[in-house]
Amino acid sequence: MITVVVIDMQNAYFEDPALGRRKDELVEACNALMDAARRSGAKVLLVKTEHERDKSTWTLNMLEDDQGFIFRGSEQADFVPGLVTAGLPQLVKTRDSAFLGTDLLWRLRNWESDTIVLAGVSTHNCVAQTGADAFGHNIRVIYATDATGSEDRESAEALLSILSKEYRQEALSLPQIEALLDGPQR
């Protein structure tokens, strides 16, 4: 079974001008991907990052800089306007990988998912780290190239190249993923 995992489509990440320019395009692509998944019977999971103001969930660089980010309940933590979220399960993370410190692996096992399609931002950070950790759990990964974005295009391309070569993870367009979803689900 395939599960579509949409990562960090939150206001905070689109404050960066490079991603901000692509926000509408990425929202549309993520919505199209999620719609295709639901039509095929595949699961969809929305993942978001949230931190506590008391520093208990801060990353090392946040602690070193004494500057928090994307606090629970803030406008920064909200999903971007236009992203379809109604009725979809959500997972909150505090690190780049959606696997670290969460129940993502158990959800995938309960759904009998052996493949995830990753979408969202940022390709070179949270999306790639989640993909790398999926490999460690013997879960196949497909990157939805039309539905992922990064403020650092060069790093994103380099990481996807490495993950494709080393871990045999595919980077496919929305039409290719839709065709895959329309095929027989295991």
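Of note:
- Dipole orientation for the chain: of the candidates VAL44, GLN10, SER56, VAL44 has the Cα lying most toward the positive pole (charges on Cβ; Lys, Arg +1; Asp, Glu -1).
- GNM flexibility winner over the chain from HIS124, HIS51, HIS137 (Cα, springs under 10 Å): HIS137
- Taken as Cα centroids, the range 137-184 and the range 106-136 sit 10 Å apart, rounded to the nearest whole angstrom.
- 3J(HN,Hα) along the range 14-29: 8, 5, 5, x, 4, 7, x, 5, 9, 3, 4, 4, 6, 4, 4, 5 Hz, from the Karplus curve 6.51 cos²θ - 1.76 cosθ + 1.60 with θ = phi - 60°, whole Hz, x for Gly and Pro.
- Rounded to the nearest 20 debye, the dipole magnitude of the range 1-87 is 520 debye, with +1 charges on Lys and Arg beta carbons, -1 on Asp and Glu beta carbons, and the Cα centre as origin.
- Kirkwood Rh, angstrom, the range 1-71 [1 / mean 1/r, Cα pairs]: 14.1
- For the chain, with all protein chains in place and a probe radius of 1.4 Å, 47% of the accessible heavy-atom surface sits on carbon or sulfur.
- Using heavy atoms of the protein chains and a probe of 1.4 Å, the accessible area assigned to TYR167 is about 80 Å².
- Considering only the chain, percent of DSSP beta bridges that pair antiparallel, nearest 5: 5
- The relative contact order of the chain, computed from alpha carbon pairs under 8 Å that lie at least 6 residues apart in sequence, is 28 percent.
- The overall shape of the range 147-186 is oblate: from the C-alpha gyration tensor, with semi-axes ordered a ≥ b ≥ c, the ratio a/c is 1.5 or greater and a/b is no larger than b/c.
- Kirkwood-type hydrodynamic radius, the range 74-186: 15.0 Å, calculated from all non-identical alpha-carbon pairs.
- Scanning residues 5 or more positions from ALA147 or on other chains, none has an amide H under 5 Å from its amide H, with H placed 1.01 Å from N in the peptide plane.
- When all protein chains stay in place and ligands, DNA and RNA are ignored, the 1.4 Å accessible-area order of ARG107, ARG168, largest first, is ARG168, ARG107.
- Estimated [θ] at 222 nm from DSSP helical runs (n ≥ 4, -39500 (n - 2.57)) normalised by residues in the chain, nearest 500: -10500 deg cm²/dmol
- Relative contact order for the range 76-157, counting Cα pairs under 8 Å that sit 6 or more residues apart, in percent: 28
- Where the chain is the region considered: accessible area per residue in Å², 1.4 Å probe: 50
The values are calculated or read from the model by the stated rules, or taken from the named source; none is laboratory data. This is a predicted model, so every value here is computed, not measured. Ideal geometry is used to build each Cβ from the backbone, glycine not excepted, and the neighbour counts take in all protein chains shown. The area values use the complete protein model at the heavy-atom level, side chains included, leaving out ligands, DNA and RNA. Shrake-Rupley method; radii C 1.70, N 1.55, O 1.52, S 1.80 Å.
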